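Structure, as structure tokens:
Just so it is clear, none of the values below were taken in a lab; they were calculated from the coordinates. Keep in mind that what you see is a predicted model, and the values were worked out from it rather than measured. For neighbour counting, all protein chains shown are included, and Cβ atoms are generated from backbone atoms with ideal geometry for every residue, glycine included.
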Amino acid sequence: MLYLVPTPIGNLQDITFRAIEILKGVDKILAEDTRVTKKLLLHYNIERPLMSYHTHNEHKITENIISYLSSGENLALVSDAGTPGISDPGYLLIKACHENNIKVVSLPGASASITAIAGSGLPSNRFHFEGFLPHKKGRNKRWEFLKDYPYSIIIYESPFRVVKLLKEICENLGDDRRVSIARELTKIYEEIELKTCKEHLDLYLEKQKIKGEFVVIVSPKNEK
């Protein structure tokens, strides 16, 4: 069977006992970046064979992985951080498993989006997960869709483009739209700050260096 094993999004202690036991017992671990996964395995004294499975090779090797599973091997799929398949590789393999009657077991665990919205101070009973916006083609169409969306919106962004994202939120959704920015979640310098989009933008325009991975949550239109 294929196990989907969430890994910590920062703090290495944020992994379940069950996840550790499964990683210790599978025949192979499919890793987005083997260098990142090796650090986690070393921390928990786990010695299992690693195999690269990432965006650039998933189309080529999915068939091979299915053959391993079909022959009776148990495999675990992990991403660098968080839950596999959520803005990370995994969908193609999981789909192929279902098509080939291979059991998929999805473990609960770390997710930056859920962690961020839970602490955001914005409505969390209903929300839209946008993930990463397209860099160029289709980006304007996404803003057309999002500008009138009635629920909280979760967006992932890198430190290199977060200022551009804030500018676009202000331009498309309004300067006064409330935005929660979660940065460095579960790490030493974790921040979760709720301000208007304009207030965030003014602060980030003054920063010399911007570090960390960002989860940006935009309040619903006509928030109550």
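At-a-glance table
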{"item": "Label assignment, Rg/Rh (Cα atoms, Kirkwood Rh) derived from the structure, set [x] 0.93; [y] 1.01; [z] 0.96", "result": "[y]"}
{"item": "Loop sites in the stretch 179-224: chymotrypsin sites (Phe, Trp or Tyr not before Pro), DSSP, at most 12 other Cβ within 10 Å", "result": "189"}
{"item": "Neighbour-count order for 188, 210, fewest beta carbons within 10 angstrom listed first", "result": "188, 210"}
{"item": "Highest to lowest packing among 87-95, 3-11, 123-131, scored as the average C-beta count within 10 Å", "result": "3-11, 87-95, 123-131"}
{"item": "Hits among lysines - C-alpha to C-alpha of residue 38 under 28 Å, sequence gap 8 or more where chains match", "result": "24, 28, 60, 95, 103, 187, 211"}
{"item": "When the convex hull of its Cα atoms is projected in every direction, mean area for the stretch 110-224 (nm²)", "result": "6.8 nm²"}
{"item": "Shape category assigned to the stretch 2-106 from the gyration tensor of Cα positions, a/c cut at 1.5", "result": "prolate"}
{"item": "Residue exposure sequence - 213, 73, 63 - by fewest surrounding Cβ within 10 Å", "result": "63, 73, 213"}
{"item": "Length released on extending from residue 139 to residue 80, taking residue separation times 0.36 nm less the Cα-Cα span", "result": "18.7 nm"}
